[in-house]
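Single-structure report; data block below.
The values are calculated or read from the model by the stated rules, or taken from the named source; none is laboratory data. Not measured: the values here are computed from a predicted model. Heads up, the Cβs are rebuilt from the backbone with ideal geometry, glycines too, and the neighbour counts pull from every protein chain shown. Side chains included, ligands, DNA and RNA excluded: accessible areas come from the protein's heavy atoms. Shrake-Rupley method; radii C 1.70, N 1.55, O 1.52, S 1.80 Å.
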Amino acid sequence: MLIMRIGIAIGDFNVYSVLGLLRFYEITNFYFKKKGENCFFFLSFPKFGNCLVWSQVVRETWGLSGKRVQDYTLYTGALGTAYLVFKAYQVTKNDNDLKLCSDIVKACDSASKDSGRVTFICGRAGVYALGAVIAKHSGDTSLQQRYLEKFKEIRFPSDLPHELLYGRAGFLWACSFLNKHIGKDTISTARIRAVVDEIIESGKRLAGKGRCPLMYEWHGKKYWGAAHGLAGIIHVLMDTELKPDEAEYVKGTLRYIIKNRFPSGNYPSSEGSESDRLVHWCHGAPGITLTLVKAAEVFGDKEFLQAALDAGEVVWKRGLLKRVGICHGISGNAYVFLSLYRLTGNVEYLYRAKAFTSFLSDRAEKLISQGKMHGGDRPYSLFEGIGGMAHLFLDMVKASEARFPAYEI
């Protein structure tokens, strides 16, 4: 695998050249066209040091901690490891992986008992939802029911925001996750409808008579991205049954975002921002691309399809970042191409996903050790560190079924 060191910038990465990545892209294209989609493109699962990447994540976040949990969240904590191990189980069908996953979730359940957070990614909803799904796969109906009862007992604090990581959208995503993996109406339509109503009505109130039909704030800023803003909230709403007028509010909001993107094709991180810098899932084109893909699937509008393709080009040109994670790193940006591949069937996007993933497999460990690439503030976590990279590697086993963790259902 060849990447030439010339020192021209691509995305944030000024260690390698655009020419080098394109050459690398040509080589991988040739190989993947020969082998087909479902050929996993490594001779073995990628390693960091002497360990499989996901095994190292488990060792560092679970084994070496003495199986004690301090951070229980999916974003940076032990629940992210459980989510990763569950993905490994889905690939390997190894019951030991399922048992390990169940043990980690039980520890997260204990660690989260005094937490007031209610979302999938950063709260108790994630613990109970993932716990219930794992219990179903394990055939433990009593444990499944116990987790579901705890989930249904969740109540919102009065100051709960609406965004994905800490707000109503994050709880709503957990409801959709349960209804997909446990069964329809596991979480009742009435419970979901109450949350949707509050999100829509609050968005309308804040938008007022402005040009955007829906608007939301988090810590005083009107964010646009997936983690804290419009893209994430809209994405989750599209997983629910929207009334005709609600669907029009959602489509109008998306059109506003598209109309007000930067001339480069990238998207502002917040309302009124003039900084065309971030190309991350959390802020910028990658997260918004995933939301536009969802809109194209749900509404069938060509304008959303074209906007998704345009945003994907931004990720290809600028998305080879200096970080490995899925929130703001190469791993998350690779999922953009997997999503576009699933939407369009165009193998060009599959090859792009494999080029980004191969870059990580071939270079990430060395670049992190040299200080040329950031391994994440929490280096083994699902969203910031190599946990997300390991999830991507597992997803590449069958790329057409890949989903961005805790975002794409």
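Filter the stretch 135-167 down to the residues that are open to solvent by less than 30 Å² (accessible area, probe 1.4 Å) and part of a helix (DSSP H, G or I) and list them by number.
135, 143, 147, 148, 151
Results for (1) open to solvent by 10 Å² or more (accessible area, probe 1.4 Å); (2) in a loop (DSSP other than H, G, I, E, B), shown as yes or no for each residue.
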site: 371; (1), (2): yes, yes
site: 379; (1), (2): yes, yes
site: 391; (1), (2): no, no
site: 403; (1), (2): yes, yes
site: 406; (1), (2): no, yes
site: 409; (1), (2): yes, yes
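The rows are residues; the columns are (1) among the β-branched types (Val, Ile, Thr); (2) assigned to a helix (DSSP H, G or I).
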position	(1), (2)
191	no, yes
197	no, yes
213	no, no
225	no, no
236	yes, yes
239	no, no
245	no, yes
248	no, yes
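Looking at the stretch 230-242, is at least one residue under 19 Å from residue 270 (Cβ atoms), charged (D, E, K, R) and touching a residue at least 12 places away in the same chain (Cβ under 8 Å)?
no
Does the stretch 72-83 include one or more residues that are under 23 Å from the mean Cα position of the chain (by Cα), modelled with pLDDT under 95 and among the aliphatic types (A, V, I, L, M)?
Taking every residue of the stretch 72-83 in turn, none turns out to be under 23 Å from the mean Cα position of the chain (by Cα), modelled with pLDDT under 95 and among the aliphatic types (A, V, I, L, M).
Taking the condition in contact with a Gly (Cβ under 9 Å, 6 or more places away or on another chain) and open to solvent by 20 Å² or more (accessible area, probe 1.4 Å), does residue 273 pass?
no
Need pairs with beta-carbon distance below 9 Å; first residue open to solvent by 20 Å² or more (accessible area, probe 1.4 Å) and within the stretch 197-217, second β-branched (Val, Ile, Thr); sequence gap 6+ or separate chains.
From residues that are open to solvent by 20 Å² or more (accessible area, probe 1.4 Å), the pairs are 213/250; 213/253.
Of the residues that make up the stretch 201-212, is at least one farther than 18 Å from residue 248 by Cβ and touching a helix residue (DSSP H, G or I) at 6+ places or on another chain (Cβ under 9 Å)?
Looking for residues that are farther than 18 Å from residue 248 by Cβ and touching a helix residue (DSSP H, G or I) at 6+ places or on another chain (Cβ under 9 Å), one finds none in the stretch 201-212, hence no.
Residue 131: among the small types (Gly, Ala, Ser), open to solvent by less than 60 Å² (accessible area, probe 1.4 Å), more than 20 Å from residue 283 (Cα to Cα) and not in a helix (DSSP H, G or I), yes or no?
Here the answer is no, as residue 131 does not meet what is asked.
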